[in-house]
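A.B. asks: Quick one: the structure is below, and I'll ask about it shortly.
The values are calculated or read from the model by the stated rules, or taken from the named source; none is laboratory data. All values reported here derive from a predicted model rather than from experimental measurement. Don't worry about glycine lacking a Cβ; one is built from the backbone with ideal geometry, like all the others, and counts go over all protein chains shown.
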Amino acid sequence: MRQCATYDEQVRLRLYHHHDGARVAYRELGAGPPLALLHSELLSHKEWEPAVEQLSDRFRVVLPDLPLHGDSEHRPRHPYTLDWFAEVLGGFSAEVLGPRPLLAGHGAGAEILMHSVLRGQVRPARLVLMGNRMHVPPANSRARAAWQLGARAAAVPGLDSLLSYGARALFTPERGMRLSVRGNPAAADLFRHAFADVPGNSSLARSWAICARSWPRGAQTQLLELYPRLDMPVLLLWADQDRMHPLAGAEEALRRLPRGQLRVLESTGFLMAYDDPVGLARELAAFCG
């Protein structure tokens, strides 16, 4: 009897080449309206893996690796500013997703997505924002500042390779487990995959140094002007136990969104797809379908 294809056998790997030479690797699965999911900082497309098969019955699920992540571009020849990420996302969206796609983002992916909308690089039919700092100061400001300082040090000759080994020592599989409030052991594999090629990768370390110098710090108050201009339906999909992204910021933003709604997944943390993949897929399908 022929066995059903596994997830890894079904998913299709593709490459988008930006006009400046940047390469974005992405996976896709399913057929239907395109739904792109942008992962959070330091991870990869595998952040969404537990929920993808449930979504692929209704959507063409597109899972890009953001530049500096996964299999995408990481050479230190690009500026890696938020404006640059927004431009790359705009080109990717136009070529891969088509007009008025369904777009969702988490963490840095959500920040890039909002900045892309603010600059007019993308205009989604529906927009899903998951845990991110929104317009308020980051709850983990000291840890974020320390990480940015350490990443910037990789620009110093001789420190790039050394710091690349330190990154894997810091972002261990056990840390991934702690970001799942339900203790899903697969979260450890997510971190193993995300940092497998980091040790000794001096090129990647130098690129992160470039990004760390320019990535915005503190409260992104310019978003307060963006919220009222978002005339498409917007879903704020939040975890109830994500200490890095408290619910208060989403509640404040909701009051300024003309067509916004807020949904909270109970007993979930930073890695919502690993804590409640069924609930995450259900909320995305209900909103985007």
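A.B. asks: Within segment 157-171, does at least one residue satisfy the condition of being closer than 27 Å to LEU226 by Cα, at pLDDT below 95 and among the polar types (S, T, N, Q)?
C.D. replies: no
A.B. asks: Could I ask something else about it? Does TRP208 satisfy being in a helix (DSSP H, G or I), of a type in the set (Phe, Trp, Tyr) and within 19 Å of GLU41 (Cβ to Cβ)?
C.D. replies: yes
A.B. asks: Separate question: Can you tell which of ALA167, ALA194 is crowded, with 18+ Cβ neighbours inside 10 Å, within 19 Å of GLU49 (Cα to Cα) and touching a residue at least 12 places away in the same chain (Cβ under 8 Å)?
C.D. replies: ALA194
A.B. asks: Looking at segment 228-251, which of the residues that are of a type outside the set (A, V, I, L, M), within 21 Å of SER40 (Cβ to Cβ) and touching a helix residue (DSSP H, G or I) at 6+ places or on another chain (Cβ under 9 Å) is surrounded by the fewest Cβ atoms within 10 Å (Cβ to Cβ)?
C.D. replies: Within segment 228-251, the match that is surrounded by the fewest Cβ atoms within 10 Å (Cβ to Cβ) is ASP240.
A.B. asks: Which numbered condition trips up ASP8, out of (1) closer than 27 Å to PHE287 by Cα; (2) at pLDDT 95 or above; (3) of a type outside the set (A, V, I, L, M, F, W, C)?
C.D. replies: The number of the failed condition is (2).
A.B. asks: Quick one: in segment 136-148, of everything that is at pLDDT below 75 and either in contact with a His (Cβ under 9 Å, 6 or more places away or on another chain) or of a type in the set (A, V, I, L, M, F, W, C) (or both), which residue is nearest to ALA219 (Cα to Cα)?
C.D. replies: ALA145
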